[in-house]
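Chemist: Let me give you the structure first, and then I'll get to my questions.
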Amino acid sequence: MDDETDFADLEAELRELSPAAPPAHLERLLAAQLDQPVPKPAYRTATTWTSWKWANWGVAAALVGLMAWFSWRTPEADVSMENAPLATLTGPGLEVSETMERGGIVYRPVSAERLLLGSRVDGVVRLADGTAAERVRDYFIDTVTWRATAGKGELQVNVPREAVRFVGLAAN
């Protein structure tokens, strides 16, 4: 059998067919339903401009703009280490030399302070012995003040510092 002749017979049979007219009651039912007005939905969607859902995007855009403006306006802290720091930090304490000479003037330390700016928990880590501990980062500003022995000057140095400590977790 040839596929061409099979399709030719089928096409000839399809040409002889004619569609039947729909029943009159179906036409009346369709006409009645099409004549009725389409009701508006009682709810509002996010596709209309009067919807409250658009406010979320406006608030988010305003926050992004505000954060960009503040980050642009905030001056960067100068933490350059061109001259070596006048205080050396070792371990948990602040070691200050007894005297210091700068520009021919002798200075003596009068105060040393440590200010905790904040702490951040980095998460739980496993130590070398297998115990679980939280890694905590502490941010400090160490301030050392020297006063000239002649009483004519004061030198204050602020040193930013970050300390990492591990806090053991107790098993319950």
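Chemist: Explain nothing, just compute: Karplus ³J(HN,Hα) = 6.51 cos²θ - 1.76 cosθ + 1.60, θ = phi - 60°, for every residue of region 21-33 in order, whole Hz, x for Gly and Pro.
Modeler: 6, x, x, 5, 5, 5, 5, 5, 5, 5, 5, 5, 6
Chemist: Quick one: if you stick a label point 7 Å off each Cα along the C-beta vector at Leu117 and His25, how many nm between them?
Modeler: 8.5
Chemist: Go ahead and run the numbers for FRET between Leu127 and Ala68, Cβ-Cβ distance against an R0 of 45 Å, rounding to 0.05. Write out the running numbers ahead of the final one.
Modeler: Numbers: r = 41 Å, r/R0 = 0.90.
Result of the calculation: an efficiency of 0.65.
Each reported figure results from applying straightforward, stated rules to the coordinates on display, with no laboratory input. Please read all numbers here as calculations on a predicted model, not as lab measurements. Cβ sites come from the backbone with ideal geometry, for glycine too, and all protein chains shown count toward neighbours.
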